[in-house]
1. Given the residues Ala110, Ala48, Ala37, which is the only one that is more than 10 Å from ligand 1 (Cβ to nearest atom), farther than 22 Å from Lys165 by Cβ and in contact with a Gly (Cβ under 9 Å, 6 or more places away or on another chain)?
2. Tally time: how many residues in segment 29-53 are away from ligand 2 (no atom under 16 Å from the Cβ) and either more than 19 Å from Glu169 (Cβ to Cβ) or of a type in the set (Asp, Glu) (or both)?
3. Is there a residue in segment 173-190 that is more than 12 Å from ligand 1 (Cβ to nearest atom), assigned to a loop (DSSP other than H, G, I, E, B) and closer than 16 Å to Pro102 by Cα?
4. Regarding Thr132, is this residue among the hydroxyl-bearing types (Ser, Thr, Tyr), under 17 Å from the mean Cα position of the chain (by Cα) and open to solvent by less than 30 Å² (accessible area, probe 1.4 Å)?
5. I'd like the full set of residues that are on the phi > 0 side of the Ramachandran plot and touching a helix residue (DSSP H, G or I) at 6+ places or on another chain (Cβ under 6 Å), limited to segment 50-89.
6. Please list, ordered by residue number, the helices (runs of 4 or more DSSP H) wholly in segment 1-73 having 2 or more residues that are open to solvent by 20 Å² or more (accessible area, probe 1.4 Å) and within 20 Å of Val97 (Cα to Cα).
7. For segment 76-126, which fully contained strands (runs of 3 or more DSSP E) count at least 1 residues that are aliphatic (A, V, I, L, M) and either open to solvent by 50 Å² or more (accessible area, probe 1.4 Å) or under 23 Å from Leu185 (Cα atoms) (or both)?
Amino acid sequence: MRLILLGAPGAGKGTQAARICEHYGIPQISTGDMLRAAVKAGTPLGLAAKKIMDAGELVSDDIIIGLVKERLEKPDCKNGFLFDGFPRTIPQAEALVKAGIPIDDVVEIAVPDEVILERMSGRRVHVASGRTYHVKFNPPKVEGVDDVTGEPLIQRPDDKEETVKKRLEVYHTQTEALVGFYQSLVAKGDSKTKYIKIDGVGDVNEVSRRIFDALDR
Ligand code: AP5
Ligand code: ZN
């Protein structure tokens, strides 16, 4: 199974990706998590990406496409994968088509901007695993601590209100066009891809149920 999760920052891609990947036994390929790992490791890529991410802008298509191609060569991608936060621009989506990488389902999680601002301000993450919590909507068992490792949770530096507003603007100007890109690919009938739009408002379990219902159909 090869999936793309589309959606604005804070729509719940990471939260739902973890559940979908566990259910179908496929790896979660989050370009955001990969970049944060590079920042943490202090690699040249991480140093360059940090400034861009903290400003809420997008890292260059060439870098991202290179990262994803390298990741897809790992053996765990043999039976499928889920892209979380990729593709994010038309050139990134075209690179997948050009590379002949077929996609079974594109799942769009739709959430209005007002709901997103509240979700981002309460988000807490475990950096090493990418596990995501929310102080109110999805709290860890012990406040401020990851459920699995017991390590501390942090607030992402790009979750400051001003940066979230910038990220939403970037989403609307550069990423939202992918909705039309994939819908027209499906409409042309030259692709086996299915396009699924999910209402992302509601609690985490409810949104998961909607996604699994649509994928199993
Ligand atoms: P990335 O890490 O991909 O961030 P994003 O797309 O902005 O998405 P988020 O991770 O912020 O949100 P999410 O949809 O995963 O929501 P989550 O599940 O965490 O990218 C970060 C940066 O890296 C980019 O800005 C860019 O600079 C760079 N980058 C990454 N990929 C790139 C690419 N392909 N090209 C170029 N640059 C790239 O949920 C959010 C919060 O809400 C959590 O607290 C969660 O607990 C809570 N929540 C989730 N679901 C619900 C629900 N149903 N009800 C209530 N609360 C909920
Ligand atoms: Zn995410």
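1. Residue meeting the stated conditions: Ala37.
2. 9
3. Yes, segment 173-190 has at least one match.
4. For Thr132, the condition - among the hydroxyl-bearing types (Ser, Thr, Tyr), under 17 Å from the mean Cα position of the chain (by Cα) and open to solvent by less than 30 Å² (accessible area, probe 1.4 Å) - is not met.
5. Selection gives Gly56, Gly85.
6. Here the list reads 61-72.
7. The strands (runs of 3 or more DSSP E) meeting that bar are 81-84, 105-110.
The values are calculated or read from the model by the stated rules, or taken from the named source; none is laboratory data. Quick caveat, the model's predicted, so the values are computed rather than measured. Because the Cβ atoms are built from the backbone with ideal geometry, glycine has one as well, and the counts that use them run over all protein chains shown. In case anyone asks, the SASA skips ligands and DNA or RNA and just uses the protein heavy atoms, side chains included. Shrake-Rupley method; radii C 1.70, N 1.55, O 1.52, S 1.80 Å.
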